[in-house]
Protein chains: 2
Amino acid sequence: MPETTKYVLTEAEMPAHWVNVLPSLKEPMDPPLHPATMKPLTPDDLAPIFPMGLIEQEMSMQPEIDIPGEVIDILKLWRPTPLYRARRLEQALDTPAHIYYKYEGVSPAGSHKPNTAVAQAYYNKKAGIRRLATETGAGQWGSALALATRLFGLECTVYMVKVSYHQKPYRRLMINTWGGEIYPSPSDRTQSGRAILEQDPDSPGSLGIAISEAVEDAATHPDTNYSLGSVLNHVCLHQTVIGLEAKKQMALAGEEPDVVIGCFGGGSNFAGIALPYLLDRFNGSPVRLLAAEPEACPSLTRGRFDYDYGDTAGLTPLLKMYTLGHKFVPPRIHAGGLRYHGAAPLCSHLLRHGWLEAKAFPQLAVFDAALQFAQTEGIIPAPESAHAIRAAVDEALAAREEGRKRVILFNLSGHGHFDMSAYENYLAGKLENFGYQPVDEEG
Amino acid sequence: MPETTKYVLTEAEMPAHWVNVLPSLKEPMDPPLHPATMKPLTPDDLAPIFPMGLIEQEMSMQPEIDIPGEVIDILKLWRPTPLYRARRLEQALDTPAHIYYKYEGVSPAGSHKPNTAVAQAYYNKKAGIRRLATETGAGQWGSALALATRLFGLECTVYMVKVSYHQKPYRRLMINTWGGEIYPSPSDRTQSGRAILEQDPDSPGSLGIAISEAVEDAATHPDTNYSLGSVLNHVCLHQTVIGLEAKKQMALAGEEPDVVIGCFGGGSNFAGIALPYLLDRFNGSPVRLLAAEPEACPSLTRGRFDYDYGDTAGLTPLLKMYTLGHKFVPPRIHAGGLRYHGAAPLCSHLLRHGWLEAKAFPQLAVFDAALQFAQTEGIIPAPESAHAIRAAVDEALAAREEGRKRVILFNLSGHGHFDMSAYENYLAGKLENFGYQPVDEEG
């Protein structure tokens, strides 16, 4: 049996700064636009819902941004996270490829999301904010923010998509356990919510609606800000600790990745592992950066690159991104964290200019890979993260076809402890593939 | 806000041997008895269901037993585990006590159970066994053994108490995900199961019945052995990696514990953290060793010290232990892993002779402590482990009363990701305390 091979850093080796790729971009990014004026957004436009510390990061041209000591101090609860070589998976695949994975499921919330939740809670606390409002789908982001706000003594209000609120009680209960308050969305607490409920009292809700509610909550309460778990530049920035650590760990392994892989929903965990390697690519490295998205919600591979809203109601700024249209409602795949119509503008921009690759995977093939991973490496992966596993397995099989070594690094963004019903469906043969059904833009 | 303080060991600092306290005992232990002859058990009596490697460990007089390289190799997946100082909890309690906890929830199965599951799978594999049979209550042990057998290429059959099989589907699904087969017990696969079903087709099952089924399965199939997740000497032995690592980590912290705490069901996680410190106690150290059990199932504090069976049907050897009677059916507390009528003979013996202390805690006070821990330290604990937290908090409050420092070390044996419905009941004010209802021995 192949040996377990784990690369561990000391606390002293934790990154002291986040990597900001904005000043290194080879092509200029299109700015976000104000939804009323259609003019480029200014910092003041964002001030009602974000603290200045985060607004500055959203637009910063500093190549490195120091991680505040108070943030590092909380990240130390679970960081540095381990990096493994998946030798037992390699053996099962009979591949000459070397497969490495960075494991972010060791955080108390079970995913990479607390990396940015802690930073966002910190900057809001520092700005004198008392409460954060946010939305959540399956609950990964909501639970991460509930944890982070609790540790900084802030309050937390989470609008959870109603259908998930009732179908996925356990992440909701984590939010309660950490002292967060949580409402099924659409709720009667906001004008946006009430408007939906008036039209359709039985609305199952959507991430778009929940975003509208959280933004409205923040905009209408001076002591409250809004917090977003993906998509924005500052969120991608906070996740670069993943790739920065991984680079040190790959150095311990004495290898350079040929391809770096992350699953892709809004883009933050992919950005976290990939952006530090992007700088190598800018400097001539041939490393490939591969985003793995679901076939059912293929913003990167089948979306159009255009300005679009971040929410369904069209209240947020317009972002230039790959989008399936802000009215697109993704099918109910189990990877709830990848059910978003858009893609981080930064990642969209990089894909547009050929710095990234993207591939879409069907649900069944993703779970095939998840099961093979669980049975060889021992960790039961989240359905979201299993998209990265599928992509890594395919790369390893391609290496076998070629008969050549390939060094593969992927981010295992979280565990599947709250997704066992998805495994139940898969093991019972009840899981289906969902194709992409474009939204009728005329409708 | 107090700083996160985590003590991490390198892989090279992992224990290379288990600590066996049997040769150091100050008073002789009473031997297990054969249920038919009532004579002391011989190694040959155990050979039909255990491999010789484990039988030797059960009775070994070697003070240290080397951990095989193949076992260390799998343990490395999650070991060494971190030790934390709970500074935020200390602050919340306003106590001069220093509280340390060893966190075993980082294993893929989420508890300390894989420490012995891996060793047991290894020795069985080496003995040419093809399959292991076991019982499980809430599923912690069954999932740990399913993981370990899968990694060694063995098959695994789990008899799961029927009421838990239906009420707690998620740990069952982990067992399936790792390729184990699992049957609700009583089942029609064994004579013991069929006998129960004949009398009561709707029997909810019990751990005692499930043990009978697993033992019978092993005894009637030459290629199959039985595996037990607690109680026995070799299981306690395998868990000593916990305490051995903790001692090195406490040395890094520059402190010696005044009291070492573990929750107590069958006794293995308590033994794991406490036995390495017992040797210090034998050498004159004043360190206290405190077992925390549920009031609803108080074998240590209210049981009698006597020979009793390990299962309800009375098929197993007779063990000299603190027992509530093998017909005792514990109330349905959420800490399913602590619902056992007996206690490890080794721990019972040590308690009898004053080397250990034991305290019983009511369910509500345990969940009060669990919530306070989750909200200060961030990790959501298993209900079992929360008994140790309660005991540690009480020690810290006593130190505050005294106005003196006290160094407290406890084992956080697992996370509560599969126990969120227990938190739901607690948060909804629906959780009740259960008193101890002695079994009618005449009945």
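The values are calculated or read from the model by the stated rules, or taken from the named source; none is laboratory data. For clarity, every value in this text was computed on a predicted model and none was experimentally measured. FYI the Cβ positions are ideal-geometry reconstructions off the backbone, even for glycines, and counts take in every protein chain you see. Quick note on the areas: whole protein, heavy atoms, side chains included, nothing else; ligands and nucleic acids left out. Shrake-Rupley method; radii C 1.70, N 1.55, O 1.52, S 1.80 Å.
Of all residues in the stretch B:401-416, those being in contact with a helix residue (DSSP H, G or I) (Cβ under 8 Å, 6 or more places away or on another chain), farther than 21 Å from B:SER230 by Cβ and not in a strand (DSSP E or B) number 2.
Being among the small types (Gly, Ala, Ser), within 14 Å of another protein chain (Cβ to nearest Cβ) and in a loop (DSSP other than H, G, I, E, B) is the filter here; which residues of the stretch A:417-443 pass it? Correct list: A:ALA428, A:GLY429. Filtering the stretch A:12-44 to residues that are open to solvent by 60 Å² or more (accessible area, probe 1.4 Å), among the charged types (D, E, K, R) and touching a residue at least 12 places away in the same chain (Cβ under 8 Å) leaves A:GLU13, A:LYS26, A:ASP30.
Quick check: is even one residue across the stretch A:213-231 among the small types (Gly, Ala, Ser) and in contact with an Asp or Glu (Cβ under 7 Å, 6 or more places away or on another chain)?
yes
Kindly indicate the residue of the stretch A:320-348 that is of a type in the set (Val, Ile, Thr) and in a loop (DSSP other than H, G, I, E, B) and also most open to solvent (accessible area, probe 1.4 Å) among those meeting that condition. Don't jump to the end; show me each part of the working.
Within the stretch A:320-348, the subset of a type in the set (Val, Ile, Thr) is A:323, A:329, A:333.
Checking the rest, the ones that are also in a loop (DSSP other than H, G, I, E, B) come to A:329, A:333.
Values: A:VAL329: 104, A:ILE333: 17 Å².
Checked the stretch A:320-348; the qualifying residue most open to solvent (accessible area, probe 1.4 Å) is A:VAL329.
Close contacts from the stretch A:363-380, counting a first residue that is at the interface with chain B (Cβ under 9 Å from one of its Cβ atoms) and a second that is polar (S, T, N, Q) and in a helix (DSSP H, G or I), with Cβ to Cβ under 7 Å and a gap of 6+ residues or different chains, come to A:LEU371/B:THR177; A:ALA374/B:THR177; A:ILE380/B:THR177. Screening A:GLY354 on (1) touching a residue at least 60 places away in the same chain (Cβ under 8 Å); (2) more than 14 Å from chain B (Cβ to nearest Cβ); (3) in a loop (DSSP other than H, G, I, E, B) shows it passes everything except condition (1). A:ALA382 meets the conditions (1) of a type in the set (A, V, I, L, M); (2) crowded, with 22+ Cβ neighbours inside 10 Å; (3) modelled with pLDDT under 95 in every case but one. The failed one is (3). The number of residues in the stretch B:142-179 that are within 11 Å of chain A (Cβ to nearest Cβ), open to solvent by less than 10 Å² (accessible area, probe 1.4 Å) and not in a helix (DSSP H, G or I) comes to 1.
Residues in the stretch B:83-114 that are under 30 Å from B:TRP178 (Cα atoms) and polar (S, T, N, Q): B:SER107, B:SER111.
Residue pairs whose Cβ atoms lie under 6 Å apart, separated by 6 or more positions or on different chains, with the first residue in the stretch A:84-102 and closer than 15 Å to A:SER385 by Cα and the second among the polar types (S, T, N, Q), are A:LYS102/A:ASN411. For the stretch B:399-416, check the following and say yes or no: at least one residue is within 14 Å of chain A (Cβ to nearest Cβ) and closer than 17 Å to B:VAL259 by Cα. Yes; the residues of the stretch B:399-416 include at least one that is within 14 Å of chain A (Cβ to nearest Cβ) and closer than 17 Å to B:VAL259 by Cα. Scanning the stretch B:182-211 for residues that are of a type in the set (S, T, N, Q), crowded, with 24+ Cβ neighbours inside 10 Å and in a helix (DSSP H, G or I) gives a single hit, B:SER192. One residue stands out in the stretch B:60-80 among those that are closer than 27 Å to B:LEU350 by Cα and either at pLDDT below 95 or surrounded by 17 or more Cβ atoms within 10 Å (Cβ to Cβ) (or both): the one that is farthest from the other protein chains (Cβ to nearest Cβ), namely B:SER60. Taking the criterion of being more than 14 Å from chain B (Cβ to nearest Cβ), part of a helix (DSSP H, G or I) and not hydrophobic (A, V, I, L, M, F, W, C), the residues of the stretch A:101-141 that qualify are A:THR116, A:GLN120, A:TYR123, A:ASN124. One residue stands out among those in the stretch A:81-100 that are of a type in the set (D, E, K, R) and away from chain B (no Cβ under 14 Å): the one that is surrounded by the most Cβ atoms within 10 Å (Cβ to Cβ), which is A:GLU90.
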